[in-house]
Amino acid sequence: MNDEFLNNIFSNPNVFGSSYGNEFYNLQSAFHKSLRGSDVDAAIYYLARLIKIGDLQSISRRMIAMAYEDIGLANPTLLSRVILAVQSAERLGFPEANQILSSTVIEMCLSPKSNSAYLAINKALSDIDNKGTGTFDIPTHLKYAGYKSAKKLGYVGYKYPHDYENSWVDQEYLPKQMKDIKYYFANKNDIEIKMNKIWMDRKTKKN
């Protein structure tokens, strides 16, 4: 925290919040929830309040987190653009960063939303913690077999997908106790529907 940052806070009496108070976290929460709810005007308003506080690093981190948590697979190309935008904003600094952040936040608000990836990893992490799935033995054919005694241990049987049509072959990847587990559920947006259809078509076509 440098003198310029402190002066920015104390020279703006109309800015309610600081980078170390509860109100700052309330602003971040409101910013995130407004974007998740696709309310452009609210998101821009809370962005402006965060800009007035002057903590560009926190704004950048929040925007990247929001992109992956709430937009995700519904608009994959936007995710990389968000990262490029916040990197550009950090390089230029305020006030030039204002327009970069504003444009990006508006596009994020107007983008289709999906939290399918967020839910998938959280469910997997929860299963490892609460159901002990992290202790299940990895299928033998998936184990590392790059040494001489691997065959003696039975580490054989892996099918190389690129040797098959469409680079896909039917084989088990999960531990046997988790054969029917499902973590990813496609959200109902155009991109995920299309990707999931390709995946399901491959699964139903046995090699």
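Here is how the numbers come out for the structure above:
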read-out	value
Sites Glu96 and Asp129 - FRET efficiency at Förster radius 45 Å, r taken between beta-carbons, to 0.05	0.55
Degrees between helix 22-36 axis and first principal axis of the chain (Cα, 0 to 90, nearest 10)	60 degrees
Net charge contributed by nearby residues that have their C-beta within less than 13 Å of Ala67 (K/R +1, D/E -1)	+2
The stretch 50-162: relative contact order in percent, alpha carbon pairs under 8 Å with at least 6 residues between	23 percent
Within the chain, helix-based [θ] at 222 nm, where runs of 4 or more DSSP H residues each add -39,500 (n - 2.57), nearest 500	-17000 deg cm²/dmol
By accessible area with a 1.4 Å probe, ligands and nucleic acids excluded, highest first: order of Tyr46, Tyr25	Tyr25, Tyr46
Accessible surface, 1.4 Å probe, highest first, among residues Lys182, Lys194	Lys194, Lys182
Cα pair distances of the chain binned at 5 Å [whole percent]	1, 6, 11, 13, 13, 12, 10, 8, 8, 7, 5, 3, 2, 0, 0
Dipole of the chain [Lys/Arg +1, Asp/Glu -1 at C-beta], most positive-end residue of Ser126, Gly154, Tyr173	Gly154
Area of Val156 that stays accessible when all protein chains are in place (1.4 Å probe, Å², to 10)	80 Å²
Crossing angle, helix 190-204 versus the chain [Cα axis fit, 0-90 degrees, rounded to tens]	10 degrees
Loop-located chymotrypsin sites (Phe, Trp or Tyr not before Pro) in the stretch 133-194, at most 10 other Cβ atoms within 10 Å (DSSP)	Tyr144, Tyr147, Tyr173
Normalised contact order of the chain, rounded percent, pairs of Cα under 8 Å and 6 or more residues apart	18 percent
Cα pair distances exceeding 21 angstrom across the stretch 38-110, given as percent	16 percent
Alpha-carbon centroid distance for the pair the stretch 131-207 / the stretch 81-111, whole angstrom	38 Å
Degrees separating the helix 116-130 axis from the principal Cα axis of the chain, which is the longest one	70 degrees
Globularity ratio of the stretch 131-196, using Cα Rg and 2.2 N^0.38 Å	1.46
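The values are calculated or read from the model by the stated rules, or taken from the named source; none is laboratory data. Since we're looking at a predicted model, the values are computed, not measured. Here the Cβ is made from the backbone with ideal geometry for all residues, glycine too, and neighbour counts use every protein chain on show. Just so you know, the surface numbers come from the protein's heavy atoms only, side chains and all, with ligands and any DNA or RNA stripped out. Shrake-Rupley method; radii C 1.70, N 1.55, O 1.52, S 1.80 Å.
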